[in-house]
1. When the Karplus curve 6.51 cos²θ - 1.76 cosθ + 1.60 is applied with θ = phi - 60°, which whole-Hz ³J(HN,Hα) does each residue of region 99-111 get, with x for Gly and Pro?
2. Net charge within 13 Å of Val107 by Cβ-Cβ distance, Lys/Arg positive one each and Asp/Glu negative one each, not counting Val107 itself?
3. Using the basic label-point model (7 angstrom from Cα toward the beta carbon), what is the His23 to Thr185 distance in nanometres?
4. Which whole-number value in Å² is the accessible area per residue of region 1-127, probe 1.4 Å?
5. Percent of accessible area on region 22-72 owned by carbon and sulfur, 1.4 Å probe?
6. Which value in nm describes the separation of the simple spin-label points at Glu42 and Ser16, placed 7 Å from the Cα toward the beta carbon?
7. Across all directions of projection, what mean area in square nanometres is found for the Cα convex hull of region 19-82?
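The values are calculated or read from the model by the stated rules, or taken from the named source; none is laboratory data. On a predicted model such as this, the values are computed, not experimentally measured, just so you know. With ideal geometry, Cβ positions are generated from the backbone for all residues, glycine too; neighbour counts draw on all protein chains shown. Accessible surface is based on the protein model in full, side chains and every heavy atom, while ligands, DNA and RNA are left aside. Shrake-Rupley method; radii C 1.70, N 1.55, O 1.52, S 1.80 Å.
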Amino acid sequence: MSTVIPVPDNWQPLFSRWEELRHGYHAGDKDETVRGCARQLETTASGSEGDPVLFWTLGLLMLTPYVAFGNPGPGVEDKVVAVLSRVARGDDGRTCAHGWHPYEVDVDDVLEHLPACLGMLSSPVNQALDDLLPEDLLPELYLDELEDQEAEPANLSGPEILARWQCPRTAPGFARAALDYLGATVR
């Protein structure tokens, strides 16, 4: 099955665990959940374009509130920072034609909208992308704030915003956003 962004087959249960942990009601081993996501990102970060690097990066972004404020065990934060740093360096200063990317949205807004957004981003490509709306891919509050400015992304169509999600610079951008959330710098 081809998807808009690559995701593992078992992405929904993983995502549910990350959401539980982010909201503080995860009954499992919190540190192992974080380490597992970091291991998967570490494994896929150097892979091909078809690997789910953005998915695992978004997973660590979801888990950063726990890492930052949830008192994780020894070595958890260091592992997360190391893996995110590697991904953050992955764009090697590349430029693209996009004037804006989804990682430029406030991290907390992205985290709140991510469940709905990831559902859309992981859907089969053969769905009617012409019907894709900007609010399917970005927090509506963010779009409302930009609408008066007539700036990107407020003036972009759903498929144009989707192209920004698919840009090779998006995963490194979200990795940098997660590092910022943790108060860490790219190593």
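1. For region 99-111, the Karplus-derived couplings read x, 8, 9, x, 5, 7, 6, 3, 4, 5, 5, 4, 4 Hz, x marking Gly and Pro.
2. -4
3. Label at His23, label at Thr185, 3.7 nm between them.
4. On a per-residue basis, 47 Å².
5. Roughly 45 percent of what the probe reaches on region 22-72 is carbon or sulfur.
6. Computed distance between label sites Glu42 and Ser16 equals 2.8 nm.
7. Over all viewing directions, region 19-82 projects a mean Cα-hull area of 4.1 nm².
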